[in-house]
Amino acid sequence: MDLKLELIVLPVSDVDRARAFYEKAGFRLDVDKAPTGDWRAVHLTPPGSQASIIFGKGLTPAAPGSVQGLYLIVSDIEAAREELLGRGIEVSEVFHDAGGVLFHGHEGGEVTHDLPGQGRLTGRHPEGTSYASYATFSDPDGNGWVLQEITERLPGR
């Protein structure tokens, strides 16, 4: 059985503001439908992605900004960061985790788990290790995104 993640629901407080932000970030608008005054769905897809996001009115009871740790995979972390900055999106500096490959902090790009050896170090991973370099940004409501550089996939991916 194949299970494919295709759609992530984001809670937002202002649908038009969120739509403008994601379009500015380069996401493709797929659908914006409001068949009633109580329901609206805006569906967008990041460039090159098979998975999409959806937000709107009447879609979720979750608090705006409560989704954290949404990963966007890129082949060149510095180029991706520069492109987002050029589009007017605030993005953290590139960093890597002191403890190795996995970045554990998601809220606002800060480390949120107090694990030995964990912490953010400035710049790409010194060995250019795949899965080990990051940058973060948030949408206007605070939903948190992580750019992760992957140049060589783990087996089976």
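The values are calculated or read from the model by the stated rules, or taken from the named source; none is laboratory data. Since we're looking at a predicted model, the values are computed, not measured. Note that each Cβ is placed from the backbone with ideal geometry, even for glycine, and that neighbours are counted across all protein chains shown. We work out accessible area using only protein heavy atoms, side chains counted, and drop any ligands, DNA or RNA first. Shrake-Rupley method; radii C 1.70, N 1.55, O 1.52, S 1.80 Å.
Normalising by residue count, the chain has a Cα convex hull of 133 Å³ per residue. The slack between Thr151 and Val9, meaning 0.36 nm per residue of separation minus the straight C-alpha distance, is 48.3 nm.
Rolling a 1.4 angstrom probe over the protein heavy atoms, how many square angstrom per residue are accessible across the chain? List each step's numbers first, then the result.
Working: 8860 Å² over 157 residues.
Solvent-accessible surface per residue comes out at 56 Å².
Estimated purely from DSSP H runs of n ≥ 4, each contributing -39500 (n - 2.57), the mean residue ellipticity at 222 nm for the chain is -3500 deg cm²/dmol once divided by its residues. The portion of the accessible surface of the chain made up by carbon and sulfur, rounded to a whole percent, is 50 (1.4 Å probe; DNA, RNA and ligands excluded). Just to check, using Stokes-Einstein with a Kirkwood Rh over alpha carbon pairs, what's the diffusion coefficient of the range 1-82 at 20 °C and 1.002 mPa s in µm²/s? So the translational diffusion coefficient is about 155 µm²/s. With each label modelled as a point 7 angstrom along the Cα→C-beta vector, the Glu93-Asp38 pair spans 5.0 nm. Summing Cβ point charges (Lys, Arg +1; Asp, Glu -1) relative to the Cα centre of the chain gives a dipole of roughly 380 debye. Taking the C-alpha atoms only, the angle from helix 15-24 to the longest principal axis of the chain is near 50 degrees.
Of all aspartates and glutamates in the structure, the ones whose alpha carbon falls short of 20 Å from that of Lys33, not counting any fewer than 8 places away in one chain, are Glu6, Asp14, Asp16, Glu23.
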